[in-house]
Amino acid sequence: MTKKTIIWFRNDLRLSDNAALSLASKQNNEVIFIYIYNPKEQIGAAAKWFLHNALIALAADLKKYYGAKLLIKMGDEAEILTALIAKYQITKILWNRLYEPQAIIRDSKLKAQFKKQAIEVQTFNSSLLFEPNFIKNNAGNFFKVFSPFWRKCLSVIDSVNMPFTRPDKVNLVKLVEDNQSSVADLALLPTKPNWAKNWSNLYKISEEDVHAKAQDFIVNKVINYKNARDFPGQDATSLMSPFLHFGLISPKLLYFKLIPYLADHKGAVHYLSELGWREFSYYLLYHFPALETKNFNAKFDGFSWENDQEKLQKWQKGQTGFPIIDAGMRQLWQTGWMHNRVRMIVASFLIKNLLIDWRYGLAWFADCLIDADKAANAASWQWVAGSGADAAPYFSIFNPVTQSLKFDPEGVYIRKWVPEIAHLTNAQIHQPENIAGYFPPMVDLAKTRNIALENYKKL
Ligand code: FAD
């Protein structure tokens, strides 16, 4: 007898390498596909825009490949699933696991509740190469430093299973829904003003498109990745981050695409290690669930921040008078994404030159990034602040002018995002002085650096 089964989509909005879907297909289950949006969940505005488009693409693929509907519901997950189970006499529920602390708590409760109701629950890892409780040091504890963590991961990387291909067919439960909600009903898109009106020209959001993009990156660009990835004026990184976050592509799929290049290309090895930083971020969040709100290293709790709100606003708007910072903050605002090197520079500036608590920066990124990810965002902000596990030492303070000269020597990136100074020469553009129509530098770099160092010394 086929089992009536719910497949609950979460941050795994894809059909290939989707463990829950593959199992249901293999076991011939009759399935209902559902996505539940809980407005209580904190998702930033830019990420909501991405999610809207990812759900539209998933619904279209389910229709195209299986003639299936994606049920869209809004509200409390437990209530919605319980009602659905009763309505359709469901006996089984499948999902791919999440690793954020709030999701773990919710999912454990649901699992216990369904078990009591004799509903079979099966869950899978489908979003990481290695689950956080799988990788341990020789003493059986969790790693706090990236290099040994990643060495350990690489030593067991052969245990990563081949990705599942998209199932050819699935059996469907016949739906009898009176008021079927649509993705639009979730109201994920901005309204007034619609700051994302041009974004669909920037991002092609579907599983098919992201596979093509990944393929193109690995075949044509990964070879130069190690050398070029730090230059924001070059199109040299994969831009996989929002797709990985919402699960339109899995890290396993990327890893298997990379395998043929790993022996010969330093670029491919380096790219894999960046996926490793993603793994490490989830690992840290799992083992230290307060990563988003508390210093990993409690020594930093006593740091005296200034938290000047006017300065914070100038930073947010890209009006600091430091072109590389302003370029980055405007790229973020205008596109929902920022280059990694520039993320590090703007974060260091906020924390160490403006003396603003890293949690303000994290919150701004969480709202503005299409790839906003609790694990990567928190781990990265704490890395820059010096308070994180395996963090940059507190005395390592990025000088935005030196960084700009080194990583955007021709000012390609700055000219694109700070057009009012595009006419300046390469020598002037990194540190313009008295340019009509552009902002004067909002702080003295040397002075503020010294204050930060003094404050750190007091810890
Ligand atoms: P690529 O260079 O092509 O890297 C491939 C993938 O590796 C990325 O898609 C990402 O999944 C992963 N990756 C790369 N670098 C890191 C890193 N340092 N930490 C964790 N994973 C990494 N990344 C997010 O996905 N979400 C965030 O909210 C986020 N916030 C950040 C905040 C700060 C202050 C900093 C310094 C970095 C942050 N990052 C975040 C990490 C990194 O900047 C982005 O993952 C990367 O820029 C995404 O672009 P890409 O896909 O082209 O990266």
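Points to keep in mind about this one:
- Spin-label model, K447 to K406: label points 7 Å out along the Cα-to-beta-carbon direction sit 2.6 nm apart.
- Burial ranking of peptide ranges 129-140, 62-73 (average Cβ count within 10 Å, highest at the top): 62-73, 129-140
- Among the listed pairs K144/K294; K48/K317; K63/K374; K40/K115, those with a Cα-Cα distance over 27 Å are K63/K374.
- Each residue of the stretch 398-412 was assigned a 3J(HN,Hα) from its phi angle through the Karplus expression (A = 6.51, B = -1.76, C = 1.60, θ = phi - 60°), giving 5, 8, x, 6, 4, 4, 5, 4, 6, 9, 9, x, 8, x, 4 Hz with x at Gly and Pro.
- Surface analysis of the chain yields an accessible area of 45 Å² per residue, using protein heavy atoms and a 1.4 Å probe.
- Trypsin sites (Lys or Arg not before Pro) lying in DSSP loop within the stretch 368-459, provided at most 12 other Cβ fall within 10 Å: K458
- If you bin all the Cα-Cα distances of the stretch 81-148 at 10 Å, starting from zero, the percentages per bin are 17, 38, 27, 13, 6, 0.
- Label point distance in nm, Q180-W277, each placed 7 Å from Cα along Cα→Cβ: 4.3 nm
- Pairs of lysines in the stretch 394-459 (C-alpha under 24 Å apart; 8 or more residues apart or interchain): 4
- The stretch 320-388, accessible surface, carbon-and-sulfur percent (1.4 angstrom probe): 60 percent
- Average silhouette area of the stretch 318-416, convex hull of alpha-carbon atoms, in square nanometres: 5.9 nm²
- Ellipsoid equivalent to the stretch 192-281 - semi-axes via the Cα gyration tensor, in Å: 24, 15, 13
- Placed amide H near D17: partners under 5 Å, 5+ positions off or other chain: F164, T165, R166
- Partners for K26 among aspartates and glutamates (Cα-Cα distance below 15 Å; same-chain residues under 8 apart left out): D17, D168
- The stretch 1-96: Cα Rg divided by the 2.2 N^0.38 Å rule of thumb: 1.08
- In this label model, D158 and A212 are separated by 3.7 nm, measuring between points 7 Å along each Cα→Cβ vector.
- Residues whose amide H comes within less than 5 Å of that of V31, counting only those at least five positions distant or on another chain, are T5, N171, L172, V173 (H built at 1.01 Å from N in the peptide plane).
- The heavy atoms of D367 offer some 70 square angstrom of accessible surface to a 1.4 angstrom probe.
- The chain: angle of helix 445-457 to the longest principal axis, Cα-based, in degrees nearest 10: 60 degrees
- Taken over the stretch 369-459, the percentage of Cα pairs per 10 Å bin, counting from 0 up to the bin with the maximum distance, is 14, 32, 34, 20, 1.
- Per-residue HN-Hα couplings for the stretch 38-50 [Karplus 6.51, -1.76, 1.60; θ = phi - 60°; Hz; x = Gly/Pro]: 9, x, 6, 6, 7, 10, x, 4, 5, 5, 5, 4, 5
- Long-range tail of P(r) for the stretch 16-56 (Cα pairs > 12 Å, %): 71 percent
- Cα-only radius of gyration and Dmax that characterise the stretch 40-138, units Å: 16.0, 50
- Gained length - T2 relative to Q313, 0.36 nm times residue gap less alpha-carbon distance: 106.2 nm
- The alpha-carbon atoms of the chain define a convex hull whose volume equals 157 cubic angstrom per residue.
- Carbon + sulfur, % of accessible area of the stretch 7-163 - ligands and nucleic acids excluded, 1.4 Å: 54 percent
- Distant-in-sequence amide H partners of S126 (H built 1.01 Å from N, under 5 Å): R97
- Couplings 3J(HN,Hα) of the stretch 421-429, computed from phi: 10, 4, 7, 6, 6, 4, 6, 8, 5 Hz, in residue order, whole Hz [Karplus 6.51 cos²θ - 1.76 cosθ + 1.60, θ = phi - 60°; x for Gly and Pro].
- Cα-derived Rg to Rh of the stretch 252-387, Kirkwood definition: 1.02
- One compactness figure for the stretch 129-206 is 1.94, namely its Cα radius of gyration divided by 2.2 N^0.38 Å.
- Debye log10 I(q)/I(0) for the stretch 118-259, one point scatterer per Cα, at q = 0.18 Å⁻¹: -1.29
The values are calculated or read from the model by the stated rules, or taken from the named source; none is laboratory data. None of these values were measured; they are calculated from a predicted model. Every residue, glycine among them, receives a Cβ derived from its backbone with ideal geometry; neighbour counts consider all protein chains shown. Side chains are part of the model used for accessible areas, which takes the heavy atoms of the whole protein and leaves out ligands, DNA and RNA. Shrake-Rupley method; radii C 1.70, N 1.55, O 1.52, S 1.80 Å.
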